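The values are calculated or read from the model by the stated rules, or taken from the named source; none is laboratory data. The model shown is predicted, which means the values in this text are computed figures rather than measured ones. Note that we place each Cβ from the backbone using ideal geometry, even for glycine, and neighbour counts take in every protein chain shown.
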Amino acid sequence: MHKIGFGYDIHRLEAGRRLVLGGTELPFPAGLLGHSDGDALVHAVIDALFGALGEGDIGAHFPDTDPRHKDARSTGFLDAVVGLVRARGAEIVNIDSVVVAEEPKMGPHIPAMKAALAPILGIPAASLGIKAKTNEGLGPVGEKRAIACYAVALLRFPD
């Protein structure tokens, strides 16, 4: 049996914060505002995995009201969620995702993001899609005030 999950996240950009996306720190003068490191790509992937498991969203499992999560690396959350996937007897078949940002340009950073996330997910880099798009100047993402990410996850469960 297979199950699909969908995830989405958006965070505001704030000057002076580190920009972490896909478990990778990108050189940029602003970072994503969040209780944790604000890694919107990892958050979207986590929500996709939780969706396929029928387990709510990242906020239900790692609430921003919990001081243990303050400035935490989102890849640590992802590792815990992958552990839950495995505990349920499932395996991750593939993840596909989109990062929507005007700046910085994501293309040059995608190989590093795949190299950071694929081992945590336990899948080959070829089974992890990360695409980059702009928002054509529209809305908060297009106005360079935020970065949004979307992800889908396909899980295989034993029959």
Enumerate the pairs (first residue in region 89-109 and in contact (Cβ under 8 Å) with a residue 24 or more places away in the chain; second residue anywhere and surrounded by fewer than 21 Cβ atoms within 10 Å (Cβ to Cβ) and in a loop (DSSP other than H, G, I, E, B)) with beta-carbon separation below 6 Å, excluding pairs fewer than 6 apart on the same chain, so at least 6 apart or on different chains. G89/P158; A90/F157; I92/I123; V100/N135; E102/T134; E102/K144; E103/K144; P104/F28
Candidates R73, R68 - the one that is in contact (Cβ under 8 Å) with a residue 12 or more places away in the chain and surrounded by fewer than 17 Cβ atoms within 10 Å (Cβ to Cβ): R73
Strands (runs of 3 or more DSSP E) wholly inside region 1-116 that include at least 2 residues being farther than 16 Å from A146 by Cα: 2-15, 24-26, 91-100
Contact list please: Cβ distance under 8 Å, first residue in region 145-159 and part of a strand (DSSP E or B) and at pLDDT 95 or above, second residue polar (S, T, N, Q) and surrounded by fewer than 22 Cβ atoms within 10 Å (Cβ to Cβ), pairs at least six apart or on different chains. A148/N135; A153/N94; L154/N94
Can you confirm whether I46 is farther than 14 Å from A101 by Cβ and either buried (at least 20 other Cβ atoms within 10 Å of the Cβ) or in contact with a Phe, Trp or Tyr (Cβ under 6 Å, 6 or more places away or on another chain) (or both)? yes
